[in-house]
1. Taking the alpha-carbon distance from Lys44 and a cut-off under 19 Å, which lysines remain once sequence neighbours fewer than 8 residues away in the same chain are dropped?
2. In segment 473-618, if every C-alpha pair distance is counted and binned at 10 Å from zero, what percent goes to each bin?
3. Please report the base-10 log of the normalised intensity I(q)/I(0) for segment 155-256, using a Debye sum with one equal scatterer per alpha carbon and no solvent, at each q in 0.16, 0.25 (1/Å).
4. Quick one: which residues, 5 or more positions from Ser50 or on another chain, have an amide H under 5 Å from its amide H? H modelled 1.01 Å from N in the peptide plane, none for Pro or chain starts.
5. Search the structure for amide H atoms under 5 Å from the amide H of His357, placed 1.01 Å from N in the peptide plane, and list their residues when 5 or more places away or on another chain.
6. Which distance in nm do the two modelled labels at Glu403 and Tyr78 give, with both placed 7 Å along the Cα-to-Cβ direction?
7. Could you state the accessible area per residue of the chain in Å², with a 1.4 Å probe and every protein chain left in place?
8. Could you pull the Rg and Dmax for segment 224-285, using just the Cα atoms, both in Å?
Amino acid sequence: MIPNNEILAGLIEGSPYPIFLILGDDLIVAVANAATLKAWGKDKSVVGKSFSEALPELKDQPFESLLRQVMATGEPYYAVNDRADFLIDGQIKVSYFTFSYQPLKDANGHIIGVVCYATDVTGLVESAEKIKELGEQALLMNAQLASNNRKLEAFNEELATINEELTESNHLLELSEARFKNLILQAPFAICVISANNLIVTAVNARYLELVGKKREQLDGASIWAGVPEAAELYAPIMQEVIRSGIAYSAKEAKVTLIRNGRPEQVFIDFTYEPVFDVSGNVSAVMVVGIDVSEKVNARKAIEEVEERIRLAVEAADIGTYEYRFSTDDFVASERFSEIIGLKSGLTRKDLVDQYHPEDKKLSDQALAEAKTTGRILYEARLLHQGGMVKWVRFQAKVYFDENGQPERTLGTAIDITQHKALQQQKDDFISIASHELKTPITSLKASLQLITKLKEHPNQAVFPKLLDQATRSMNKISELVDDLLNVSKMNQGQIELKKSRFKVADMLERAFSHIGETSKYSLVLEGDLQESAFADEHRIEQVVVNLVNNAIKYAPESHSIFMSIKNEGEAIKITVRDTGPGIPPDKIPQLFDRYYRADASGKQISGLGLGLYISAEIVERHGGQIGVDSVLGAGSSFWFTLPMLS
Ligand code: ADP
């Protein structure tokens, strides 16, 4: 039996595979089974509509043109896993189909429509896609793996190269270490390398061992401060600081006492603690580099000492120094030199020569001319200071010659010898005065003796005693003068010995007055604390009073009374000898007690050596007392002295 249309329609409708039929040029959807409508996401209303009306979302997809192509050509179309995007519930859903478009012909063989048989392969395609994706991922991973492998290989290769390089650089390191050690060993200065973490000496050269006076076995591999313990106290903290801070430490001429070969020695060292850094920038060692500069320092100190000694000597001797250069006529002088010359500093040789006394001007040129052959300068010249003051200066110098024997410069000194010259003059004057003073009594003595000799044959009782008296007086005068001279020389040598005793002062004064032997002409007026006694060298003090009384008679002959007074001043006894003579000008008073000083206020020629007051002052001062004079011109002088009141 041939199934009727209804059965056929039922078959088509019930097929799980989408089947639909498109008819006519308008492509009207004539049949669409349930599976088709499900795949399209549409309902039965699409049947009877044109393909484009029923499925407007396919407008830009190839299906309509494919249908038309089959209608036109009668060639079926097959597609496998073709994609179709349907609008389902308002959303575009991607589906895949394997389908065929078959032409449907009428009994006359005309093409009237297209039948589509399809299978929804969306799940399949999606799975396939997934698998493909997975495959791709796997491929990708594979590729990744391969690339990683390659990287690994490259890395391995690199590692091998690094290893090689490392071996090479280790070798180089060893080499450079060896070179470094050699450098240390051969260095011209002391080097010691000390490990930072344990202070062990890792390298040390002979010069260092020599510097610290230690044997190699004492230092090599030992802790530095065990090796050189004497320096630890001062330098261990410094080294520690270098290790901590990484900052080098340097010292110049550091004074260190080292036990060198068992004996302590003081040395001066220039040294540096140099931090040595490892690759990570940490201090791995300290390199000590040092030089013994003791010889240099000691030599310099010796020179400084000598210079200081010379400077002191020059200062103490009040010496002015100068340097003169022949070629440039430059004259460099010390401040003291300028002072001696009487000029401000910065003088020229011409300035100097201009200062000379007219009679001595030639001396400088003469000395210089002579020095060119003798190499020495020594002369004394007078210089005129401001206000016409004459200064005596002694110049002494040495001339230095250049390699051609030409005088190059003069180094010299100048000393102010004005006082010395004055003293010399005083001495010369003194000798002539002393001779003159001695000559008078000696002449008189000689005359007396000559007369006595003459009278020997015819003695004359009246003249004889007079002559003897005169001879005795002359002799006394001579012995007084000689005594004075002897006293001065004894005093100069500090040889006066005091023989102290207690005596009544008034008695001593009377004795001194009577001693002058001219009591008839002069009277003594004694006043004050007449009962006082003193503890002193009576003989010497009497000598002082005799001097004062003699002076009163000599210089104030008109005053016939000699006033003497004794005053107890508590701590001392004051004894005064006063005359009513001419007095002494105030400007002369300060020099009165100086040796050889003679004021000669009267203008008369009064004999004397200028020693009496000097000797008196010496005696009083040796007793711890004071001496002085109060004088009013025209009214007289009061010479006084004090003696300490001793128990
Ligand atoms: P001299 O008497 O041998 O010259 P002195 O030392 O005794 O030495 O005296 C120093 C100077 O002091 C004297 O030259 C004199 O000018 C002055 N002089 C001393 N005593 C008196 C006096 N009483 N009156 C005035 N002048 C005096």
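1. Hits, sequence-local ones excluded: zero.
2. 10, 38, 40, 12, 0
3. For the requested q values the scattering log ratios are -0.80, -1.41.
4. Excluding prolines and chain starts, which carry no amide H, the hits are Val29.
5. Those lying under 5 Å, H to H, from His357 are Arg382, Leu383, Leu384.
6. In this crude spin-label approximation the distance works out to 12.3 nm.
7. Working: 38820 Å² over 647 residues.
Ligands and nucleic acids excluded, the result is 60 Å² per residue.
8. 13.3, 43
The values are calculated or read from the model by the stated rules, or taken from the named source; none is laboratory data. Not measured: the values here are computed from a predicted model. Note: ideal-geometry Cβ built from the backbone for every residue, glycine included; neighbour counts use all protein chains shown. Heavy atoms of the whole protein, side chains included, go into the accessibility calculation; ligands, DNA and RNA do not. Shrake-Rupley method; radii C 1.70, N 1.55, O 1.52, S 1.80 Å.
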